[in-house]
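Structure, as C-alpha cells:
The values are calculated or read from the model by the stated rules, or taken from the named source; none is laboratory data. Computed from a predicted model, the values in this text were never measured in an experiment. Glycine gets a Cβ as well: all are built from the backbone with ideal geometry, and neighbour counts include every protein chain shown.
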There are 2 protein chains.
Amino acid sequence: MNSDPHVSQRFDDELHAVHELVHRMAGVVEEQMRNALTALLQQDESLANEVVGGDNVVNGYELRIEEECINILVRRQPAAGDLRLVMTLIKSIADLERIGDKAVKIASMALSMQRSSASINGRFLRDIKTMGDYALGMLRRAMDALANGDADAALEIAKGDEELNQEYRAALRRLITYMMEDPRTITPAIDALFVAKALERVGDHARNLCEYVIYLVKGVNVRHIPLEEVRQQFQD
Amino acid sequence: MNSDPHVSQRFDDELHAVHELVHRMAGVVEEQMRNALTALLQQDESLANEVVGGDNVVNGYELRIEEECINILVRRQPAAGDLRLVMTLIKSIADLERIGDKAVKIASMALSMQRSSASINGRFLRDIKTMGDYALGMLRRAMDALANGDADAALEIAKGDEELNQEYRAALRRLITYMMEDPRTITPAIDALFVAKALERVGDHARNLCEYVIYLVKGVNVRHIPLEEVRQQFQD
C-alpha cells in the first residue's frame, strides 16, 4: 500500500463515496418496495407501472457500485479491514438488487390482479400489509446497522426474520383454508401466496445484510450458524 | 505483483486449486438436487433425510472457498484478469449455495408430503421430473462452460432459461386447474407448486452462472441486458 497521506485520503474518499452509493441504492429499493405494496393494496395501476419501470434504476446502481468496488480492488489493493468492507458492499448490493426484483414481482402481481379483476380476501390484504411493513422495517434497520457498523443491532434484526417466517406460515394456512372454502378464489389466492412468499424472501435478504454487517465488524462469517450460537460467541 | 516465477507459479496453483474446489462444490450441489428429486418422485424418506443432512457439506464448501478467495485477494493482489476470475468464483458459489438450499427445500417437501400421506397428481410428478431434468442439465452445462471458459456456450445455456420458465408457467396452470377440480387436493398441490417454483429458481441461478462466465471471458457485465442483445454484441 502507498503510505503517502494524500493517496490514502483519496482511498478513504473513494471508499466513503461507494459506501454512500450503497445507501442511496438501498433508499431506492426501499421506496420501490413501499410503492409496490401501496400499488397492490390500493389497486393503483400507474404506481405499479412506475415500480416496474424503476427497476432499471436499481440495476444501474448495482452495476455501477460493483464496477467501482472492483476498481478499488484493482487500483488500491486494500488490506484486510478495507477489503472486508469492499466485499461486504459487493455482497450487499446483490441482496438489495434481489429485494428490488421482489418489488417488481409484487407490482406485476398488482397489475395482473387488476386485469383479471379478481379480488383477494380483505383479511389476506391485511396479512400482506403486516408482512410488508415488517420486511421493510427489517431492511431499513439492517441498512442503519451497516451505516453504524453495529453488529449487536444486526444480530437482533437478523433474529427478527424468524418472526416474519411465522407470520408467513400463518398467512399461508389462512390462504389455504380460504381456497378450500371457495375454490373460485384459487387463482387470485395463488397470486397472493406468491406476494407473501416474496415478502418472506425480503426478510431473508435483510437477514443476509445483517450477517454481512457482523462479518464486517467482527470478522467472523456467521452464515449457516444458528443465531443463538452467534450471540453466545459475542459474549465470550 | 511479484514477478518471481516461483511466486507466480504458486499463485497459479492457488487459483487452480480454488477453481477446482468450486467444481467439486458444484458436483455436490448437483447430486443433492438429483437426490432430492429422486426422494420426491420415489417417496424415499431416507434419501430425503440424507439431502437435508448434506446441506452442511455444501455450506462448508461455500465458507471455505470464500475464505480462500479472500486470502488470494489479500496476499496476491491479482491484476485485472485474475481478479475477474476470483470475483467470478465468489459470485458462483453464492448461486451454488442457493441451488443447494432449493435441494433441501424439495427434500423437505418430500418428507412433508409423506407425513401427510397426501399424494399429488401423477401428471404433475411428470412435470416436476421434466423441469428437474432440465434444470439439472442447465447447471451441469453452465459448470462446463465455466471450466472451459466458453462464453458462447454460456450464452446458449442462459437462453434456455426461458424454456424452463415456460415449462413452469404451464405446470402452474395445470396445477390450478387440478386444484379447482378437486379442492381436497389443495394442500398437496400447494406443496407441489413450491417444488416447481424452486426448480424454476434453479434455472435462474444456472443462468446467473452463465452470465458470470460471459463476464469472465468477455469482460462485460451482461446482467440486466436481454440475451438477444448480448449475442449481437458478440458478433460485432
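Here is a list of conditions, (1) within 21 Å of the chain's Cα centre (by Cα); (2) closer than 15 Å to A:Glu14 by Cα; (3) free of Cβ contacts under 8 Å to residues at least 12 places away in the same chain, and A:Arg64 meets all of them except one; can you say which number that is?
The one condition A:Arg64 does not meet is (3).
For the stretch B:92-106, how many residues meet the condition of being within 9 Å of another protein chain (Cβ to nearest Cβ) and either surrounded by fewer than 20 Cβ atoms within 10 Å (Cβ to Cβ) or of a type outside the set (D, E, K, R) (or both)?
Qualifying residue count, the stretch B:92-106: 1.
Since B:Arg115 meets every condition but one in (1) under 14 Å from B:Val195 (Cα atoms); (2) modelled with pLDDT under 95, which condition does it not meet?
All conditions pass for B:Arg115, except number (1).
Has the stretch B:122-134 got at least one residue that is under 17 Å from B:Leu199 (Cα atoms), within 14 Å of chain A (Cβ to nearest Cβ), assigned to a helix (DSSP H, G or I) and without any contact (Cβ under 8 Å) to a residue 40 or more places away in the chain?
Taking every residue of the stretch B:122-134 in turn, none turns out to be under 17 Å from B:Leu199 (Cα atoms), within 14 Å of chain A (Cβ to nearest Cβ), assigned to a helix (DSSP H, G or I) and without any contact (Cβ under 8 Å) to a residue 40 or more places away in the chain.
Does the stretch B:160-212 hold any residues that are among the basic types (Lys, Arg) and farther than 20 Å from B:Lys91 by Cα, and which are they?
Once the filter is applied, which keeps residues that are among the basic types (Lys, Arg) and farther than 20 Å from B:Lys91 by Cα, the stretch B:160-212 yields B:Arg169, B:Arg173, B:Arg174, B:Arg184, B:Lys197.
Per-residue answers, yes or no, for (1) surrounded by 15 or more Cβ atoms within 10 Å (Cβ to Cβ); (2) of a type in the set (D, E, K, R):
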residue	(1), (2)
B:Ala17	no, no
B:Val28	yes, no
B:Met33	yes, no
B:Ser46	no, no
B:Val58	yes, no
B:Glu62	yes, yes
B:Glu66	yes, yes
B:Ile70	yes, no
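Kindly evaluate A:Met109 against the criterion of being closer than 13 Å to A:Leu41 by Cβ, within 14 Å of chain B (Cβ to nearest Cβ) and at pLDDT 90 or above.
Considered against the rule, which asks whether it is closer than 13 Å to A:Leu41 by Cβ, within 14 Å of chain B (Cβ to nearest Cβ) and at pLDDT 90 or above, A:Met109 comes out as yes.
Among the listed residues A:Leu216, A:Leu193, which satisfies the condition of being of a type in the set (A, V, I, L, M, F, W, C), assigned to a helix (DSSP H, G or I), over 22 Å from A:Ser108 (Cα atoms) and at pLDDT below 95?
A:Leu216
Select from the stretch A:70-85 the residues that are at the interface with chain B (Cβ under 9 Å from one of its Cβ atoms) and not polar (S, T, N, Q) and list them in ascending order.
If the condition is that a residue be at the interface with chain B (Cβ under 9 Å from one of its Cβ atoms) and not polar (S, T, N, Q), then A:Ile70, A:Leu73, A:Val74, A:Pro78, A:Ala79, A:Ala80, A:Leu83, A:Arg84 are the ones that fit.
Among (1) within 28 Å of B:Val57 (Cβ to Cβ); (2) surrounded by fewer than 19 Cβ atoms within 10 Å (Cβ to Cβ); (3) at pLDDT below 95, which single condition is B:Asp133 missing?
Every listed condition holds for B:Asp133 apart from (3).
Looking at this structure, is A:Ile99 under 18 Å from B:Met87 (Cα atoms) and part of a helix (DSSP H, G or I)?
no
Hey, can you tell me all the residues within the stretch B:143-191 that are within 14 Å of chain A (Cβ to nearest Cβ) and touching a Lys or Arg at 6+ places or on another chain (Cβ under 9 Å)?
B:Tyr168, B:Leu172, B:Arg174, B:Tyr178, B:Met180
Taking the conditions exactly as written (farther than 30 Å from B:Leu216 by Cβ and assigned to a helix (DSSP H, G or I)), does A:Leu63 satisfy them or not?
Taking the combined requirement at face value, the residue does not satisfy it.
Evaluate the following for A:Met180: is it closer than 27 Å to A:Val230 by Cα and surrounded by 14 or more Cβ atoms within 10 Å (Cβ to Cβ)?
For A:Met180, the condition - closer than 27 Å to A:Val230 by Cα and surrounded by 14 or more Cβ atoms within 10 Å (Cβ to Cβ) - is not met.
Looking at the structure I just gave you, is B:Val57 within 21 Å of the chain's Cα centre (by Cα) and assigned to a helix (DSSP H, G or I)?
For B:Val57, the condition - within 21 Å of the chain's Cα centre (by Cα) and assigned to a helix (DSSP H, G or I) - is met.
What number of residues within the stretch A:197-207 satisfy the criterion of being surrounded by fewer than 20 Cβ atoms within 10 Å (Cβ to Cβ) and touching a residue at least 40 places away in the same chain (Cβ under 8 Å)?
2
Taking the conditions exactly as written (closer than 30 Å to A:His16 by Cβ and within 10 Å of another protein chain (Cβ to nearest Cβ)), does A:Arg223 satisfy them or not?
Against the criterion (closer than 30 Å to A:His16 by Cβ and within 10 Å of another protein chain (Cβ to nearest Cβ)), A:Arg223 qualifies.
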